[in-house]
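Notes follow the structure.
The values are calculated or read from the model by the stated rules, or taken from the named source; none is laboratory data. Keep in mind that this is a model prediction, so the values were computed, not measured. Glycine also receives a Cβ, built like all others from the backbone with ideal geometry; neighbour counts cover every protein chain displayed. What goes into the accessible areas is simple: the full protein's heavy atoms, side chains included, and nothing from ligands, DNA or RNA. Shrake-Rupley method; radii C 1.70, N 1.55, O 1.52, S 1.80 Å.
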Amino acid sequence: MTDASPAAVPTPVRPPFLRHSGDRLLGLFGLLVMLLALAALAALLFDITRDGIGRLSWQFLTSYPSRRAAEAGILPALAGSVYVIGITALIAVPLGVGAAVYLEEYEAQGRLSRLIEINIANLAGVPSIIYGLLGLGLFVRIFGMGRSVLAGSCTLALLVLPTVIISTREALRAVPKSLREGSYALGATKWQTIQHQVLPAALPGVLTGLILALSRAIGETAPLITIGALTYVPFLPDGLWSPFTVLPIQIFNWVSRPQAAFAENAAAGILVLLVLLLAMNAVAIVVRDRFQRRAQ
Amino acid sequence: MSQTHRTRAGWAPHAGWTRSLPGTAGVLVWTMVVAACGGGQTPGAAGGPAGDTVIRIDGSSTVFPVTEAVAEEFQKANPGARVTVGISGTGGGFQKFCRDEIDLADASRPISASEKDACQATGVDYIELPVAYDGLAVVVNPKNSWAASMTVAELKKLWEPAAQGKVMRWNQIRDGWPDREIHLFGPGVDSGTFDYFTEAIMGKADESRGDYTSSEDDNVIVQGISGDEFALGYFGFAYYEENAGKLKLVPVDDGNEANGAGPILPSPETVKNGSYAPLSRPIFVYPKVKALDRPEVRSFVDFYLTQGVPLVREVGYIPLSDREYELVRGRFTAKQVGSMYQGTESHSSVSLEQRLAQ
């Protein structure tokens, strides 16, 4: 303790390799942490693939649920997930981007805007089951939507809205000021500037946020069960008012069955959900790259 | 340079407008996805608005496998029929049922007093139809050589709230059992299995110690017990049957000689004849009387009580006796409204057949 007094250590004589030892240690630590995270993911993927790959087949993708695990398929859940997430995006994008544009470009920066900002950030952390209860009371009962695709999509749209607003605002904030000023200098109005300069420049960031939000929504079970999404639906959703089920609910149901064959179905279902998620991400990346290239 | 170019393009009517609005672009992509999905529907799914022809069922996840199997076969026999089944839980199902939102409620326990009131308030009349038995299995690890049977009193001593933090070793339950720590596994408090076990053993629903490993997924409990020599737990009989090699059943003695003397092992026979008491229970469907005016609902319930019977065993549950099914069908055809149970009264004291015959 005592011999560690500053006078005992003449700092200038520390050789460079010692001076960088902290750097190297932190780098090593970071690598270790990353490998650990990746290993957990790899173990999960390996486990799921080993259990589920044998069940993945065209028959599995195109069949309806059944009490016999070998005959059961995922079609209504897959169609339900795609349909519900699609409508969710249709609702959440205009509302979320619109709200973000207003807050970022039009709203006067004052106490009120800070209050709104804090509240939106808080909403992003509300447990999803709460949105489910809200959806049940508001959309299913008061608005009379029933246990429909539309009610499910509206509920999920509410759930993702805070994330969409926050990421869109950040993307808008990242647009360089010079771009706006150049547009104004050419005589463009505020809306023309937003429409032709700011939004296209912010698009990559907006899309990233949207995909993150929708990726959360596609894995949600609790709010959809609360609003009355079903488990056994032997037909495809054929409209906004149709009853529906989604992948996570079907997977959850199979996991909790006593027969081991249903556990394999659940693993195969998880693989389908993963592929759907990756496909969504891929579409977003392609669209984002196209816009990014155009913007340059 | 490229900036100016883009701005100029933007001023052209229409073309630039859609391109420069990111929201619109996202919307377009998703419209295509949704359109593609909407185009892939089956011909049978087309036709009038959903609410009219769909038979809507919701409720207990315990009853779900039976109802799913019946719905599957019913639709094979009646192409074009549309049956949907949800798993909101028995309570959630009755809530929707009494709000007149569904046609049938699946229930792993009889309708409660407050649910009766709720149904009465909205004028929803129902018929109570037991459709199968579900047994609860008390299980230990196969290496457990001592727990050859347990009495209801011993189970109560082990699981009652007062045991929390106190009854921790096997030899505290019965002298002569090893002086080793006991590891308890059971369903979570939201499950109907938990409700029923606590009611049957403690005499009051939801009375239980809390210091045990709980899971809403019975498969997790199976895994826990199969890997631990000093474990004990309970769950639905179907889960035991699927994992019989990894577990050992504990016969239960209810001290009542009238329904079979001594400890009784759960099996389809002992559950059905009522000797495996008190851990066997009937499970129910509750059709809404008003919905029975619709021919498809009437024929579905009829199918459930006739062609549905062989499916019960197939999905892991235990069918009622032939005599009991006959009585249940009688209830249905006579449209006998209301419940056989007086609120929360324990339904293990009187046999189902006696009740049905009343």
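B:I102: in a loop (DSSP other than H, G, I, E, B), under 30 Å from B:L129 (Cα atoms) and either modelled with pLDDT of 85 or more or not assigned by TED's automatic domain parsing to the domain that holds B:V289 (or both), yes or no?
Details: in a loop (DSSP other than H, G, I, E, B): yes; under 30 Å from B:L129 (Cα atoms): yes; either modelled with pLDDT of 85 or more or not assigned by TED's automatic domain parsing to the domain that holds B:V289 (or both): yes.
Yes: the conditions hold for B:I102.
Of all residues in the range B:62-100 being of a type in the set (D, E, K, R) and over 12 Å from the mean Cα position of the chain (by Cα), which is nearest to A:I227 (Cα to Cα)?
Across the range B:62-100, the extreme among qualifying residues is B:K96.
Going through (1) more than 29 Å from B:Q120 (Cβ to Cβ); (2) under 20 Å from the mean Cα position of the chain (by Cα); (3) hydroxyl-bearing (S, T, Y) one by one, B:Y286 falls short only on (1). For the range A:219-231, filtering for residues that are open to solvent by 10 Å² or more (accessible area, probe 1.4 Å) and more than 10 Å from chain B (Cβ to nearest Cβ) leaves 4.
Every listed requirement among (1) modelled with pLDDT of 90 or more; (2) out of contact with any Lys or Arg (no Cβ under 9 Å at 6 or more places or on another chain); (3) under 30 Å from A:T231 (Cα atoms) is met by A:V160 save one, (2). When the helices (runs of 4 or more DSSP H) confined to the range B:155-256 are screened for residues that are open to solvent by 50 Å² or more (accessible area, probe 1.4 Å), those reaching at least 1 such residues are found at B:218-226, B:237-242. Looking at the range A:241-255, which of its residues are in contact with a Ser or Thr (Cβ under 8 Å, 6 or more places away or on another chain) and open to solvent by 30 Å² or more (accessible area, probe 1.4 Å)? A:W241, A:F252, listed by residue number. Every listed requirement among (1) open to solvent by 10 Å² or more (accessible area, probe 1.4 Å); (2) in a helix (DSSP H, G or I) is met by A:L214 save one, (1). Annotation note: Cβ proximity below 7 Å between a residue of the range B:225-246 that is more than 9 Å from chain A (Cβ to nearest Cβ) and a residue that is among the basic types (K, R) (sequence gap 6+ or interchain) occurs for B:S226/B:K246; B:E229/B:K143; B:F230/B:R180.
Please work out which residue is nearest to the other protein chains (Cβ to nearest Cβ), limiting yourself to the range A:131-190 and to residues that are more than 17 Å from A:E220 (Cα to Cα) and among the charged types (D, E, K, R).
Keep residues of the range A:131-190 that are more than 17 Å from A:E220 (Cα to Cα), which gives A:137-146, A:165-190.
With among the charged types (D, E, K, R) added as a condition, the list becomes A:141, A:169-170, A:173, A:177, A:180-181, A:190.
Details: A:R141: 8, A:R169: 14, A:E170: 14, A:R173: 15, A:K177: 14, A:R180: 12, A:E181: 12, A:K190: 15 Å.
Across the range A:131-190, the extreme among qualifying residues is A:R141.
Condition check: more than 30 Å from A:R141 (Cβ to Cβ) and in a helix (DSSP H, G or I). Does A:I249 satisfy that? So A:I249 fails the test. Residues in the range B:72-102 that are within 17 Å of B:D302 (Cα to Cα), more than 9 Å from chain A (Cβ to nearest Cβ) and open to solvent by less than 20 Å² (accessible area, probe 1.4 Å): 1 in all.
For the range A:69-124, a residue qualifies if it is within 30 Å of A:A263 (Cα to Cα), open to solvent by 30 Å² or more (accessible area, probe 1.4 Å) and either in contact with a Pro (Cβ under 7 Å, 6 or more places away or on another chain) or free of Cβ contacts under 8 Å to residues at least 40 places away in the same chain (or both), and exactly one does: A:E71.
Of all residues in the range A:55-68, exactly one satisfies the criterion of being open to solvent by less than 40 Å² (accessible area, probe 1.4 Å), closer than 24 Å to A:S242 by Cβ, touching a residue at least 40 places away in the same chain (Cβ under 8 Å) and out of contact with any strand residue (DSSP E or B) (no Cβ under 7 Å at 6 or more places or on another chain), namely A:F60.
Please count how many residues of the range B:283-323 are more than 14 Å from B:T67 (Cβ to Cβ) and in contact with a Lys or Arg (Cβ under 9 Å, 6 or more places away or on another chain).
Summing the residues that are more than 14 Å from B:T67 (Cβ to Cβ) and in contact with a Lys or Arg (Cβ under 9 Å, 6 or more places away or on another chain) in the range B:283-323 gives 10.
Annotation note: Cβ proximity below 6 Å between a residue of the range A:232-243 that is more than 7 Å from every other protein chain (Cβ to nearest Cβ) and assigned to a strand (DSSP E or B) and a residue that is open to solvent by 20 Å² or more (accessible area, probe 1.4 Å) and among the β-branched types (V, I, T) (sequence gap 6+ or interchain) occurs for no pair.
Condition first: in contact with a strand residue (DSSP E or B) (Cβ under 8 Å, 6 or more places away or on another chain) and within 13 Å of chain B (Cβ to nearest Cβ). Can you find one or more residues in the range A:260-269 that meet it?
Looking through the range A:260-269, none of the residues is in contact with a strand residue (DSSP E or B) (Cβ under 8 Å, 6 or more places away or on another chain) and within 13 Å of chain B (Cβ to nearest Cβ).
Based on what the data block shows, is B:G260 of a type outside the set (D, E, K, R), more than 17 Å from the chain's Cα centre (by Cα), farther than 27 Å from B:S60 by Cβ and open to solvent by 40 Å² or more (accessible area, probe 1.4 Å)? Reasoning before the result, please.
Values: of a type outside the set (D, E, K, R): yes; more than 17 Å from the chain's Cα centre (by Cα): yes; farther than 27 Å from B:S60 by Cβ: yes; open to solvent by 40 Å² or more (accessible area, probe 1.4 Å): no.
Against the criterion (of a type outside the set (D, E, K, R), more than 17 Å from the chain's Cα centre (by Cα), farther than 27 Å from B:S60 by Cβ and open to solvent by 40 Å² or more (accessible area, probe 1.4 Å)), B:G260 does not qualify.
Selection over the range A:256-286 of residues that are small (G, A, S) and in contact (Cβ under 8 Å) with a residue 60 or more places away in the chain gives a count of 7.
Scanning for something open to solvent by less than 40 Å² (accessible area, probe 1.4 Å), closer than 15 Å to A:S148 by Cα, of a type in the set (V, I, T) and not in a helix (DSSP H, G or I), does the range A:175-193 turn up at least one residue? No: zero hits.
Taking into account only those residues within the range B:111-153 that are in a strand (DSSP E or B) and of a type in the set (F, W, Y), which is surrounded by the fewest Cβ atoms within 10 Å (Cβ to Cβ)?
Quick first cut of the range B:111-153, residues in a strand (DSSP E or B) only: B:126-127, B:129-140, B:150-151.
If we keep only those that are of a type in the set (F, W, Y) as well, we get B:126, B:133.
Values: B:Y126: 25, B:Y133: 23.
Among those residues, the one meeting the criterion is B:Y133.
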